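Report on the following structure.
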Amino acid sequence: MTTKLLEANSIQSLLGKEAESLLTYKAKVSPNLLHLPSPDFIDRVWLNSDRHPQVLRNLQQLYSHGRLANTGYLSILPVDQGIEHSAGASFAPNPIYFDPENIVRLAIAGDCNAVATTLGVLGSVARKYAHKIPFIAKINHNELLTFPNQYDQILFADVKQAWNLGAVAVGATIYFGSEQSARQIQEVSQAFKYAHELGLVTILWCYLRNSAFKQEQDYHLAADLTGQANHLGVSIEADIIKQKLPECNRGYSAVAKATNKSYGKTDERVYTELTSDHPIDLTRYQVLNCYCGRAGLINSGGASGKDDFAQAVRTAVINKRAGGTGLISGRKTFQRTFEEGVKLFHAIQDVYLSPDVTIA
């Protein structure tokens, strides 16, 4: 299924007052430092790495599917919210998604590169769909049934199960900064090592989780802290990094001030020479920490709301112009009607297909 490409003036209209700033801004850090998305990204960036030939094949399959095929960009549907946010909270707005087949159908109708979801979802429909759209099997989750609620990513599946059901990639989350982050890093590092041995791509949700990160602003979204989380993620050989769009900066100093304790290490040039308050600069710092884009940065689309189309297009413009690799959009799509979810995916993809949205 395809739709007419959004015209440049439609993108501008959705961006509203921010249009000029987001579409014409020149980033502080030169794009010449980056490995930018392109049709030959696998040959140009990954060919000389230690990745198994089967990993390269599966990476190419991921980048060669859907409406963004062979552009170097990715549009992915992720649905693990049935565990992470509870099935009721996630699917009550649109109960068709209690049936996992509809999750895969949405990704196909939306012309996505891949669908990322749980072992249970993929396992229930694998024989029907594994050859029709690339599968990304999410192997760990945070469950919210324990009382009181706790926040810890635990393994729900193993890599061999993902391989057996025909997945091209595994996904995992680490809550960097949390009490259990050291264990999570070790578990995911071992899982990613095994995944690469089996030829699977590795995708890491590099999220922050610590009450100290929430002060007068939510520094879970700080460019300096999320950037370092990205850097830790690529250090355990994540091939693709998923991160929330940054909204602020100076997380290190905010935590130190709030706790009256020394915290981490940074450099003032991060804030004066490498970033500014502009969202494209903040996101480019995330890309820099993904080994200058060698590991693609995909930003998340965020929670659903009344301005979903405008917010999704805004996020896509920022990600693309910063040097990112694409968007991973869940609740904004599956909490709408099926038809509207498809349209939202196409609106996001239009940004990456548009020659008018260029690297900043």
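The values are calculated or read from the model by the stated rules, or taken from the named source; none is laboratory data. Since we're looking at a predicted model, the values are computed, not measured. Cβ sites come from the backbone with ideal geometry, for glycine too, and all protein chains shown count toward neighbours. Protein only, heavy atoms only, side chains kept; ligands, DNA and RNA dropped before computing areas. Shrake-Rupley method; radii C 1.70, N 1.55, O 1.52, S 1.80 Å.
Descriptive notes on the structure:
- Some residue of the range 84-99 being open to solvent by less than 10 Å² (accessible area, probe 1.4 Å) and at pLDDT below 95: yes
- If you check 128, 132, 138 for being touching a residue at least 60 places away in the same chain (Cβ under 8 Å) and basic (Lys, Arg), only one passes: 138.
- Failed item in (1) at pLDDT below 95; (2) in a loop (DSSP other than H, G, I, E, B), with residue 266 passing the rest: (1)
- Flag if residue 109 is touching a residue at least 24 places away in the same chain (Cβ under 8 Å), of a type in the set (A, V, I, L, M, F, W, C) and open to solvent by less than 40 Å² (accessible area, probe 1.4 Å): yes
- Of the residues making up the range 109-119, those that are out of contact with any His (no Cβ under 6 Å at 6 or more places or on another chain) and assigned to a loop (DSSP other than H, G, I, E, B) are 110, 111, 112.
- Qualifying residue in the range 235-257 (condition: over 21 Å from residue 285 (Cα atoms) and in contact (Cβ under 8 Å) with a residue 60 or more places away in the chain): no
- Scan of the range 9-53 for residues that are β-branched (Val, Ile, Thr) and surrounded by 18 or more Cβ atoms within 10 Å (Cβ to Cβ), ordered by number: 11, 29, 42, 45
- Residue 348 vs. criteria in a helix (DSSP H, G or I), closer than 14 Å to residue 106 by Cβ, open to solvent by less than 10 Å² (accessible area, probe 1.4 Å) and of a type in the set (A, V, I, L, M): yes
- Filtered residue count, the range 306-343, keeping only those that are without any contact (Cβ under 8 Å) to a residue 12 or more places away in the chain and either closer than 22 Å to residue 240 by Cβ or in a loop (DSSP other than H, G, I, E, B) (or both): 2
- Counted residues, the range 248-263 - those being outside any helix (DSSP H, G or I) and surrounded by 15 or more Cβ atoms within 10 Å (Cβ to Cβ): 4
- Complete set of residues in the range 93-109 that are in contact with a helix residue (DSSP H, G or I) (Cβ under 7 Å, 6 or more places away or on another chain) and either of a type outside the set (Gly, Ala, Ser) or under 22 Å from residue 305 (Cβ atoms) (or both): 94, 96, 97, 98, 100, 101, 102, 103, 104, 106
- Meeting the requirement of 3 or more residues that are modelled with pLDDT of 95 or more and open to solvent by 70 Å² or more (accessible area, probe 1.4 Å), the helices (runs of 4 or more DSSP H) wholly within the range 120-237 are 159-164, 181-198.
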